[in-house]
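Worksheet for the structure shown next.
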Amino acid sequence: MQRFFPVLFVFLWSTGFIGAKYGLPYAEPLSFLLTRYGLVIALMGGLALLMRAPWPRERAQWGHIAVSGVLVHGVYLGGVFVAIKQGLPAGVTALVVGMQPLLTACGAGLLLGERVSLRQWAGLLLGLLGVGLVVSGKLGDGALGPMLLPAVLALLGITAGTLYQKRYCARFDLRTGSLIQFGPTALLTAVAVAGFEEYRIEWTGDFVFALTWLVLVLSLGAISLLNVLIRNGSAVNVASLFYLTPPTTALIAWAIFGETLTLTALLGMAVAVSGVYLVARPNA
């Protein structure tokens, strides 16, 4: 069953961009995320109490799990949502965040002692090329300027969070661990909302649908799968899956919104899949 987790994770994670497309027109980005975090904490807290889930025994473990949560959820999601809300084209956002597997590979050798083979480096570069081809027709025009900053912060957040979690807290209960991750993230996001936003939300049908989807499918489903993958796999192999997010998102957008799929995008999908295969393929 677990061999299907990477495929399921890529699909669920890719739908997050669709959820953002539905919900962001009706809410400020950080206010949207704060509401999402609050619902996740309420749902996962009730589940943890009902099932009497175990909590970490060591105080240091609480801190490590909290730090990884702030990086993966707060910095990454906050950066992506703010970048899209400010008008950064989704293609550019995907391309910036698509640098994550390469950065993770660099950090994995230094921080985790993971050896990245020449075949894996070739796969990482091939995957990045594939992502570039997929989003090449959606890069947009005009000066991007400050809009790039939150996307770069998102890239650094998801990279640092993946490496940090793999090194310091790869194993924890998914129920109580989620509470420890989302609690500090919600607190810091609330401070940011108080300083920069007015907590404006229009409770339309589209927004409620997007919020429900992001809470249940992304924050509870995809994040739990990501934690399992980080626990059981190498940081480089897990990071390489993010190369498949832009192609999968493009396919979903084609199916739901009727967006055009060019021959270049289809070629890019094939290249990205080939790159991930080279990274994740077991050594002979």
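The values are calculated or read from the model by the stated rules, or taken from the named source; none is laboratory data. Note that the structure is predicted; figures quoted are calculated from it, not measured. No Cβ is skipped: glycine too gets one built from the backbone with ideal geometry, and neighbour counts run over all protein chains shown.
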Problem set entry | Test for Leu24: is it at pLDDT below 95 and either surrounded by fewer than 21 Cβ atoms within 10 Å (Cβ to Cβ) or touching a helix residue (DSSP H, G or I) at 6+ places or on another chain (Cβ under 8 Å) (or both) | yes
For this session: Would you confirm whether any residue within the stretch 232-245 is surrounded by fewer than 18 Cβ atoms within 10 Å (Cβ to Cβ) and at pLDDT below 95?
Result: yes
Seminar exercise, completed: With criteria (1) closer than 22 Å to Val97 by Cα; (2) crowded, with 16+ Cβ neighbours inside 10 Å, Pro146 comes up short on (2)
Exercise. Looking at the stretch 99-127, which of the residues that are part of a loop (DSSP other than H, G, I, E, B) and loosely packed, with under 15 Cβ neighbours inside 10 Å is modelled with the highest pLDDT?
Worked result: Ser117
Problem set entry | Yes/no for Gly91 being modelled with pLDDT under 95, over 19 Å from the mean Cα position of the chain (by Cα) and either crowded, with 17+ Cβ neighbours inside 10 Å or in a helix (DSSP H, G or I) (or both) | no
Exercise. When you go through (1) buried (at least 18 other Cβ atoms within 10 Å of the Cβ); (2) modelled with pLDDT under 90; (3) of a type in the set (A, V, I, L, M, F, W, C) one by one for Leu211, which number turns out not to apply?
Worked result: (2)
Problem set entry | Matching helices (runs of 4 or more DSSP H) fully within the stretch 208-284 where at least 1 residues are under 20 Å from Leu95 (Cβ atoms) and more than 18 Å from the chain's Cα centre (by Cα) | 245-257, 263-280
Seminar exercise, completed: All-but-one check, Gly69 against (1) surrounded by 20 or more Cβ atoms within 10 Å (Cβ to Cβ); (2) over 16 Å from Arg175 (Cβ atoms); (3) of a type outside the set (Lys, Arg), failing number (2)
Problem set entry | Residue that is modelled with pLDDT under 85, part of a helix (DSSP H, G or I) and either of a type in the set (A, V, I, L, M, F, W, C) or touching a helix residue (DSSP H, G or I) at 6+ places or on another chain (Cβ under 8 Å) (or both), where the choices are Val96, Val82, Val75 | Val96
Problem set entry | Residue under evaluation Val75, criteria (1) surrounded by fewer than 19 Cβ atoms within 10 Å (Cβ to Cβ); (2) closer than 25 Å to Ala20 by Cα; (3) of a type outside the set (Gly, Ala, Ser), criterion not met | (1)
Seminar exercise, completed: Flagged in the stretch 248-284 as of a type in the set (Ser, Thr, Tyr) and crowded, with 20+ Cβ neighbours inside 10 Å, in numbering order, are Thr248, Thr249
Exercise. When only residues in the stretch 162-207 that are of a type in the set (D, E, K, R) and part of a helix (DSSP H, G or I) count, which is surrounded by the fewest Cβ atoms within 10 Å (Cβ to Cβ)?
Worked result: Asp206
Problem set entry | Of residues in the stretch 30-57 being at pLDDT below 95 and touching a Lys or Arg at 6+ places or on another chain (Cβ under 8 Å), the one surrounded by the most Cβ atoms within 10 Å (Cβ to Cβ) | Met44
